[in-house]
Amino acid sequence: MCIRYLGLVLLIWCPGELHAQSATQSCSAPTLDGGKFSPKRETYANGVYVTYSCDLGRKPAVEGWWARSTCQNGTWSPQPQCILEEACIPPEIPNAKYTESPTGWYEDGQKIRITCDEAYELKNRDATALCTNGSWSSVPVCERSVDACGEPPQVLHAIIVDQRNQELFAADTELQYECEDGYTAEGAGNDKTIVCIAGAWTEGPTCSKAPTPSTGPGGSTEGGAGGEHTASAGSGTQPAGGGSSTSSDSNGRDSRPSFTDIFRCGPYPTIANGAVVKAERMYLKYGCADYHTLVGSDTVVCYSDGTWSQLPVCKEESCVLNPARYRDFKLSGFQRLGEREARHIPCIWDHYYSRVQCINGAITHSQWTLRVKCSRGVTAGPTTKTKF
């Protein structure tokens, strides 16, 4: 009888053991060109790792002079590789993404273009990184966008539907509130949706206790328990025709002008060297003409008192030769110069020219001059410091 039970136990135990063994796979010894690894075996169990280093003139395709690779169900991760010292491993750029190399590394001289995540923007509009002799030069930075919004405002007796676990929200993001049972939305046109505009959230709803109808004769639905008045005509509202109020409403909230539809503010405001590039119900977006940089927020909103938010400014780029400004040069149109870039520009007088250079974001005649002047007899040697 004992032997019969023992056989039954073995039949139950063995299939489970066989299943556990087949669930994971071991790894063969990795192939490593230009390096050596340890420990050396023919096969490695799942979860076992090897360390490796590379020969002179090569380096691992990960950070550091030595690396580790782990057997994960029959595959080495990351795959052991020894690359040339002049090559680059993938850069770490927070809040950004870029096209990954199929080899896991980048050749010397290869360039990548970076795209920032939502709610982030490129610092100084620099979007590329260059692999130079084993390291990345001028790695872009993704910083918080000026139009991004932080945590949405908390509304009493309400939750946000489909709450996202994130710290920043991109411009134009919409979030919707849901009042708790027994509460209804009031204020802001009973709109339960808030929108991220120009770095701030639009006004959210107010979730108030739903009134209980009176059952007595002549009862009124305006009064609460004990005859307390819960709603009064015109309380906390703006007068018709605009005019901002800075008083507080019955709930003690600040009643300063909130965002409203742009048609309430009349014609779109204009800015020099710029124009409206996008018009939505709640905001305008502006862009600048060529060779101009937008300063300030590109998003303009309309307030409930009929006024526009602060307008951006389109500033002419510093290192740009404008024919209307530099009239002593023979220019067929705008010419942009990169930082420290120098050119020999002909003057309006025949056989004369000037050496123009962009230094620290300004057009200069020499390293120490702030403006350019066309001078007779300019040579490739030192130039005068006469201001333009």
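The values are calculated or read from the model by the stated rules, or taken from the named source; none is laboratory data. Keep in mind that this is a model prediction, so the values were computed, not measured. Heads up, the Cβs are rebuilt from the backbone with ideal geometry, glycines too, and the neighbour counts pull from every protein chain shown.
For region 308-342, the tally of residues that are among the polar types (S, T, N, Q) and touching a residue at least 60 places away in the same chain (Cβ under 8 Å) stands at 1.
In the condition set (1) at pLDDT below 50; (2) under 30 Å from the mean Cα position of the chain (by Cα); (3) surrounded by fewer than 17 Cβ atoms within 10 Å (Cβ to Cβ), residue 249 is compliant with all but (2). Consider residue 167 carefully, then state whether it is in contact with a His (Cβ under 7 Å, 6 or more places away or on another chain) and loosely packed, with under 14 Cβ neighbours inside 10 Å. No, not satisfied. Screening the candidates 340, 281 for the property of being outside any strand (DSSP E or B), at positive phi and not assigned by TED's automatic domain parsing to the domain that holds residue 194 yields one hit, 340. Take region 77-113 and flag every residue that is of a type in the set (D, E, K, R) and not in a loop (DSSP other than H, G, I, E, B). Correct list: 97, 111, 113. The single residue among 369, 384, 379 that is surrounded by 18 or more Cβ atoms within 10 Å (Cβ to Cβ), at pLDDT below 75 and either of a type in the set (S, T, N, Q) or under 30 Å from residue 262 (Cβ atoms) (or both) turns out to be 369. Checking 70, 75 one by one, the residue that is touching a residue at least 40 places away in the same chain (Cβ under 8 Å), among the hydroxyl-bearing types (Ser, Thr, Tyr) and farther than 30 Å from residue 199 by Cα is 75 and no other.
Of the numbered criteria (1) in the same structural domain as residue 127 (by TED's automatic domain parsing); (2) part of a loop (DSSP other than H, G, I, E, B), the one residue 63 fails is (1). The set of residues from region 141-179 being part of a loop (DSSP other than H, G, I, E, B), within 14 Å of residue 203 (Cα to Cα) and hydrophobic (A, V, I, L, M, F, W, C) comprises 155, 156.
Within the option set 311, 294, being hydrophobic (A, V, I, L, M, F, W, C), part of a strand (DSSP E or B) and within 30 Å of residue 170 (Cα to Cα) holds for one residue only, 294. The set of residues in region 326-352 that are at pLDDT below 80 and either over 41 Å from the mean Cα position of the chain (by Cα) or over 23 Å from residue 124 (Cβ atoms) (or both) comprises 348, 349, 350, 351, 352. Residues of region 133-169 that are β-branched (Val, Ile, Thr), at pLDDT below 85 and within 24 Å of residue 98 (Cα to Cα): none at all.
For region 56-65, the criterion of being more than 25 Å from the chain's Cα centre (by Cα), under 30 Å from residue 338 (Cβ atoms), surrounded by fewer than 14 Cβ atoms within 10 Å (Cβ to Cβ) and at pLDDT 90 or above is satisfied by no residue at all. Of all residues in region 98-136, which are in contact with an Asp or Glu (Cβ under 7 Å, 6 or more places away or on another chain), farther than 25 Å from residue 57 by Cβ and without any contact (Cβ under 8 Å) to a residue 40 or more places away in the chain? If the condition is that a residue be in contact with an Asp or Glu (Cβ under 7 Å, 6 or more places away or on another chain), farther than 25 Å from residue 57 by Cβ and without any contact (Cβ under 8 Å) to a residue 40 or more places away in the chain, then 121, 123 are the ones that fit.
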